[in-house]
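Single-structure report; data block below.
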Amino acid sequence: QKEVEQNSGPLSVPEGAIASLNCTYSDRGSQSFFWYRQYSGKSPELIMFIYSNGDKEDGRFTAQLNKASQYVSLLIRDSQPSDSATYLCAVKSDGSSNTGKLIFGQGTTLQVKP
Amino acid sequence: DVKVTQSSRYLVKRTGEKVFLECVQDMDHENMFWYRQDPGLGLRLIYFSYDVKMKEKGDIPEGYSVSREKKERFSLILESASTNQTSMYLCASPPASSSTDTQYFGPGTRLTVL
């Protein structure tokens, strides 16, 4: 069974620090990788996607992908209390490119303390 | 601007009732998904549909059915609601045929079965 693993946390960081969220996946055929942010009681919203090895930066967010190690991460620089949420990692395999089916990790809860 | 709507934000039903959860997307997407989300278990796929009248079971279809009579609408049906179906239900819709496209989620329906 194809799996996506995340540490459930909570991950606690002080305001202004870098938060590092990690995700591993089992399917080597995985092609696209997504990070969603979910506030309590709300639905997930996309914040980043990456499909090439290396880093991709968007504002305070950086996604990192290492396909050889089957590892994807999300870095949040200058963490703010408003970043406190659950972060979901999602993976799309090559076989699901027509259906759009994603496999989600369980999510990591991030707490940013003022 | 993409939009996925769900018929109710909160719903309370009694055991044994037949429950309908509606999802509508205005993006002309072929694919639509129903998930449930429970603490500690993450997002679990119930059913998805890749075309009108076409459906496919996800990871936890037992106790559920779906209906897709029109492209924009995907309904989740609880044939006889049980207390273990108390959960947050999320509908999502992705564009197809692109490895970088992702899923857009509706606001969610929090269902309580008494």
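The values are calculated or read from the model by the stated rules, or taken from the named source; none is laboratory data. Quantities reported herein were computed from a predicted structural model and do not represent experimental measurements. Cβ placement follows ideal geometry from the backbone for every residue including glycine, while neighbour counts extend to all protein chains displayed.
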Subset of the stretch B:6-18 [in a strand (DSSP E or B) and farther than 14 Å from B:L76 by Cβ]: B:Y10, B:V12
Subset of the stretch A:86-114 that is more than 12 Å from the chain's Cα centre (by Cα) and away from every other protein chain (no Cβ under 11 Å) - its residue that is nearest to B:N31 (Cα to Cα): A:G95
Unique residue being at pLDDT below 95, in contact with a Ser or Thr (Cβ under 8 Å, 6 or more places away or on another chain) and more than 10 Å from every other protein chain (Cβ to nearest Cβ) when the list is B:K55, B:K18, B:K70: B:K55
Residue, nearest to A:V4 (Cα to Cα), within the stretch A:18-51, restricted to residues that are of a type in the set (K, R) and touching a residue at least 24 places away in the same chain (Cβ under 8 Å): A:R28
Scope the stretch A:1-17; condition closer than 14 Å to A:G107 by Cα and either away from chain B (no Cβ under 14 Å) or without any contact (Cβ under 8 Å) to a residue 60 or more places away in the chain (or both); matching residues: A:L11
Residue in the stretch A:37-48 that is in contact with an Asp or Glu (Cβ under 9 Å, 6 or more places away or on another chain), within 14 Å of chain B (Cβ to nearest Cβ) and modelled with pLDDT under 95 present: yes
Answer residue from the stretch B:43-54, given it is more than 11 Å from the chain's Cα centre (by Cα) and crowded, with 18+ Cβ neighbours inside 10 Å and is nearest to B:L111 (Cα to Cα) among those: B:L43
Verdict on B:V113 being more than 14 Å from chain A (Cβ to nearest Cβ), β-branched (V, I, T), touching a helix residue (DSSP H, G or I) at 6+ places or on another chain (Cβ under 9 Å) and touching a residue at least 12 places away in the same chain (Cβ under 8 Å): yes
A:G29 being at positive phi, within 13 Å of another protein chain (Cβ to nearest Cβ), surrounded by fewer than 19 Cβ atoms within 10 Å (Cβ to Cβ) and of a type outside the set (D, E): no
Qualifying residue in the stretch B:19-39 (condition: assigned to a strand (DSSP E or B), surrounded by 15 or more Cβ atoms within 10 Å (Cβ to Cβ) and without any contact (Cβ under 8 Å) to a residue 24 or more places away in the chain): no
Residues that are more than 10 Å from chain A (Cβ to nearest Cβ) and surrounded by 13 or more Cβ atoms within 10 Å (Cβ to Cβ), drawn from the stretch B:58-67: B:I60, B:P61, B:G63, B:Y64, B:S65, B:V66, B:S67
The stretch A:52-70, residues that are free of Cβ contacts under 8 Å to residues at least 24 places away in the same chain and within 13 Å of A:C89 (Cβ to Cβ): A:Q64
